[in-house]
Structure formats: C-alpha cells, structure tokens
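This report concerns only the one structure given below.
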Amino acid sequence: MPPALTVIAATHNGEPTLRRMLDSLLALEAPAGGWQLIFVDNASSDRTAAILGECRAKLPLTVLAEPGRGKNRALYRALQEPLGELVVFTDDDNLADPRWLIELQDCAARHPEVELFGGTLVPAWEDGPIAPTRIWGPNMMVRRRVFERGHRFNENVGPSAGLCMMGSETEFNLRIVEAGSATWYCPTARVAHIIRAHQLTREWIMKRAIRFGRAERFRALRSGGANARETSLFGLLNFPRWMPQDFLFRYLKGQLLRLAGSDHRWADILWEAHLRLG
C-alpha cells in the first residue's frame, strides 16, 4: 500500500536547479501516513539522471524514464504507478517549505468535499547584486560602519503626518550606493508583510500613487533629469509643463472606463494619473 501522499514531478535537463529542489525536499517534515516521490526523467541529456540517482538513498524516491518529450506525457507515466490518496504535483525548479506537505494534507482534511487544491507560489530569486530601489524597509540590513561614516535617513522622506512622500529607504539606499557601497540580495531571509483591509480600498491605493509620484519627482529633481529642468509655466512648481493636462486626460479616461464597466484597465490608468499628482 502506498504512503498517504505521492509527490510527482517531471524534469527535462533539470541540472541547473534540480539539486537545490531535491535539497529542499530533504528538509521536509513528513506528513501523517508518510509520502513518496516519483520523478520522471523526460529525455534528459545532461546530468539529471545522475543527480536523481544520488538522492535515491536519501529520499523516498522512485525514478522513471519517459523518452518521449512532453511534460504531460511524463506525468501520465507517473500516474500509472501506485499512488497515495493525495497526489501532489511540483516542478524541478521549485523550493519546498519544510511544512509544505503537512499544510496541504491539513487543508485536505479540513475540506473533505474538495478535490483540487492550490498552494502559495512565491518567487525564489537567486542571490547576487540587487538594485538599491529593490531593498525595502520591512527586510533590510545595513552595516554599522555606514552610519559611522555619517549617513542618515532623510527626515523629509517617508511616513509622517499628512500625504507624505514614500521611498525613505530607497532614497537612503541610492545615496549609499552613490557613495560607493555595494548591495546584495539574500533570498533565504524572508519576512511576511501584513496587508490590512483599508489598504485594499481604491482611495488608499490612489493616495499611494500620489506618494509614489512624489518620490519619483524627488529623485528626478535630485538627479537633474530632463523632467526636473522642464518646470511649469509659473516656474514655481516642480513638474513638467505637460503634466497637468496628462493627469486630466488619464483621470477622465480612467473614470469613464470605470463607470462603463467594460474595461478593467481603468485602475491602471487612474494609478498613472495619480502618479502625476505627486
């Protein structure tokens, strides 16, 4: 009798990612009733077969071969094997959370009337240099020596009273990089960001667009870009001459599409319009 869960995956020349994927499976917490892994080598010509062979003693792994190219053909080959009550599919470039199978099994137990389940997919970028604009406050680390050199966050940027300018960390990061510091992405350092109910309203999102637009304008002014030099007719406001009429055009177009209910692009158009208000 097979274990409770069967995990099935197909691979064709999966050498670049397969070892990392299998390593994540080695760290899995076993679900109740156990689990088995069926991997189908779909006409690989690289070291896929050797990598799978190395893991047979470490995982509850069965390796099958399907010489005919095609993922679904390979999956059908696996479905001919004895299967558990729950059949889980994945790919050769996925990294499993240690509780992956336990959470899926628990979900199935809570909803016995359901036959098809889906889990969360998040990107797993490789480590390496990262743009300073992609390092954000909820998960950011700085060496102390940066502050010892006198660098500080700009108090005029970031959350404060009123409709503030967003991008506090981004403004700081850009200055630090311009001063010669390097950046790096640590993919395994993860935090979850809570999304509150009021942050899903149209009003909140459009106000965020304005704050984002202010940050974009601030960076343009700081860098002396073309838009920064092209001020309004009054010469006092820091936005290009074309921007007021561009805002009005986008705003009216977005509202008309929203009221008509025939085009789902209205939200993107209104976002772009509110960026102009920044």
(request) Would you mind counting up the charge near Leu101? Only other residues with Cβ under 14 Å from its Cβ, with Lys and Arg at +1 and Asp and Glu at -1. (result) -4
(message) Let me check I've understood the local charge: for Ala30, count other residues with C-beta under 15 angstrom from its C-beta, Lys and Arg +1, Asp and Glu -1. What total comes out?
(response) -2
(request) Give the long-range amide H neighbours of Val7: residues separated by 5 or more places, or on another chain, with amide H under 5 Å away, using H modelled in the peptide plane at 1.01 Å from N. (result) Gln36, Leu37, Ile38, Val88
(request) Leaving ligands, DNA and RNA out of it, work out the accessible area of Glu113 with a 1.4 Å probe and give it in Å² to the nearest 10. (result) 130 Å²
(message) How much length would be gained if the chain were fully extended between Leu121 and Asp97, taking 0.36 nm per residue of separation minus their Cα-Cα distance, in nm to one decimal?
(response) 7.6 nm
(request) Could you work out the local net charge near Pro2, counting Lys and Arg as +1, Asp and Glu as -1, over the other residues with Cβ closer than 11 Å to its Cβ? (result) -2
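The values are calculated or read from the model by the stated rules, or taken from the named source; none is laboratory data. Remember, it's a predicted structure, so these values are computed and weren't measured experimentally. Reconstructed Cβ throughout: ideal geometry from the backbone, glycine too, with neighbour counts over all protein chains shown. With ligands, DNA and RNA removed, areas are computed over all heavy atoms of the protein, side chains included. Shrake-Rupley method; radii C 1.70, N 1.55, O 1.52, S 1.80 Å.
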